[in-house]
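All of the numbers you see were taken from the coordinates with simple rules; none came from a lab. Since we're looking at a predicted model, the values are computed, not measured. Cβ placement follows ideal geometry from the backbone for every residue including glycine, while neighbour counts extend to all protein chains displayed.
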Amino acid sequence: MPVSTPTSLLKFTAPLVLALTLIACSDSEPPAAERSIAAPLPDVTKLANASDTKPPPIPAPPQVQARGYILLDYSSNQPLAASNENERLEPASLTKLMSAYAVFHALKDGRIKLTDLVTISQHARSQDGSRMFVHVGTQVSVENLIQGMIVQSGNDATVALAEHVAGSEPVFVDLMNQYAQQLGMVSTRFQNSPGMPHPEHYTTARDIAVLSSALIKEYPDYYKWYSQRSFTWNKITQPNRNGLLDRDASVDGLKTGHTESAGYCLVSSAHREGMRLVSVVMGSPSVRAREDASAALLNYGFNFYQTRKLYANKAPVMTVKVWKGEDEEVPLGVAQDIYATVPRGQENLLSAAADVTDPLFAPLSPDKAAGQLRITLGDKVIGTYPLHPTKEVPEAGFFGRLSDDVKLWFN
């Protein structure tokens, strides 16, 4: 005898089956929003002083003789002191940092070699100011010209390299300006390769700090030349003009600059106990003033701040729920090493939070960000970084999507 289905059960199940069918056949999804959740932070509080004591006071940065300056932590990219850092100023021979950057790019791309012999043109030889003292028609290797440009600050060596890389100096200058745009040097414009005065040849202390950090990061094999004490060419030995190399053993670069209109400029980088700082001083009244200003800034940064690595490149930061995917969860990570520079004794004020897309639907790819990581010191955000899935998460099959649709429907 057939079993009959109670009418009350039919009245309940029919609409449910219809609803599930409609859900499964629908491409619509709940609108995505951002959900802020705490992110696990490595235990840095143990690096601080005893938690039951007040953190040591942090004095104001030193007042230095310069038209503009900035002190930047290399790893975290956090400024520790600055004044007029965004004011357009003449860079003088700090320009050669970008000239070197463009030359190093050409070496990396294989367009030139260190052993290439460069024939010195009349235009290169005729440059005024500091020189390597190369002669017209002679051939000089790229490697020697680089040392002449960096150590001796030779304008003639710089133009010779520009012509070798790009065929002419104007084309090379255009290349310099394109690299400046790529690096985010938004207030920089070059008109020549050595740094001769020109009304439309300018940069800022902040932009030069960005460029200096890029040189150190991208070309560590060539960075050695910035700490070279002297270079001899044509039986003429010239010392490196960066006097901090002899005053402070932790200083290993970078470049000096001077014209009457630009004043005395100095970019310095120093490395102490795993922490690297970059200082840019522009428009000081004398050689001594630029060195004293740079030393004061570097000592201030090292004495009162410390830098800690928080997250490693591509390492999981946190795990989040995934809807309609073959996996129910996915780790999220960052695409670079993350550092924080904090006043000494204040590590316990560090915190991290993630703004994650919610709900987060498959498919997911490491190429597309699924949220943003915020690093906070007290109530101040000191860094934001995209969070990416650490692996692919394909979309689930029909029944997997249906199951999640039902959960979302009743959620």
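What FRET efficiency, computed as 1/(1 + (r/R0)^6) with R0 = 30 Å and r the Cβ-Cβ distance, is obtained for residue 123 and residue 230, rounded to the nearest 0.05?
That pair, residue 123 with residue 230, gives E of 0.65.
Taking only Cα atoms and a 10 Å spring cutoff, compute GNM fluctuations for the chain and point out the largest among 267, 320, 173.
Comparing 267, 320, 173 in a Gaussian network model of the chain, the most mobile one is 320.
Give me 163, 90 sorted ascending by neighbouring Cβ count inside 10 Å, so fewest comes first. Present the calculation step by step, with values, prior to reporting the outcome.
Working: 163 20, 90 24.
Lowest count first: 163, 90.
Relative to the longest principal axis of the C-alpha atoms of the chain, give the angle of the C-alpha long axis of helix 398-410, reported between 0 and 90° and rounded to the nearest 10°.
With both axes taken from Cα atoms, the answer is about 80 degrees.
Can you compute the charge dipole magnitude of segment 68-284 about its Cα centre, using +1 on each Lys and Arg Cβ and -1 on each Asp and Glu Cβ, nothing else charged? Give it in debye, rounded to the nearest 20.
Value, rounded to 20: 360 debye.
Between residue 136 and residue 247, what is the label-point separation in nm under the 7 Å Cα-to-beta-carbon projection?
Once both label points are built, they end up 4.1 nm from each other.
If the limit is 26 Å between Cα atoms, which of 108/309; 113/309; 54/380; 255/309; 54/309; 224/314 go over it?
From the list (108/309; 113/309; 54/380; 255/309; 54/309; 224/314), the Cα-Cα distance tops 26 Å for 108/309; 113/309; 255/309; 224/314.
Calculate the dipole size of segment 285-331 relative to its Cα centre from +1 charges on Lys and Arg beta carbons and -1 charges on Asp and Glu beta carbons; express the result in debye to the nearest 20.
It comes to approximately 240 debye.
Any chance you could list P(r) for segment 68-284, counting all Cα-Cα pairs in 10 angstrom bins from zero, rounded to whole %?
Cα pair-distance distribution for segment 68-284, in percent: 9, 38, 38, 14, 1.
When the chain is fully extended, how far beyond the present Cα-Cα distance does residue 372 get from residue 217, taking 0.36 nm per residue of separation? List each step's numbers first, then the result.
Details: separation 155, 0.36 × 155 = 55.80 nm, distance 2.42 nm.
Residue separation times 0.36 nm, minus the Cα-Cα distance, leaves 53.4 nm.
Between residue 380 and residue 365, what is 0.36 nm times their sequence separation minus the Cα-Cα distance? Round to one decimal in nm.
2.3 nm
Pop the C-beta distance of residue 35 and residue 336 into the FRET formula with R0 = 25 Å and round what comes out to the nearest 0.05.
For R0 = 25 Å, the calculated efficiency reads 0.60.
Hey, what number do you get for the chain at 222 nm if only DSSP H runs of n ≥ 4 count, each worth -39500 (n - 2.57), divided across all residues, to the nearest 500?
Counting only the DSSP helices, I get -9500 deg cm²/dmol.
In percent, how large is the relative contact order of the chain, given Cα pairs closer than 8 Å and 6 or more residues apart?
With pairs under 8 Å counted, the relative contact order is 19 percent.
Give me the orientation-averaged projected area of the Cα convex hull of the chain, in nm², one decimal.
Mean projected area for the chain: 29.0 nm², to one decimal.
Kindly put 93, 230 in sequence by how many other C-beta atoms sit within 10 Å of each C-beta, fewest to most.
Listing 93, 230 from fewest to most nearby Cβ atoms yields 230, 93.
Express in nm, to one decimal, how much length is gained between residue 403 and residue 177 on full extension, taking 0.36 nm for each residue of separation and deducting their alpha carbon distance. Please report the intermediate quantities before stating the final value.
Values: separation 226, 0.36 × 226 = 81.36 nm, distance 5.51 nm.
The residue 403-residue 177 span can extend by a further 75.9 nm.
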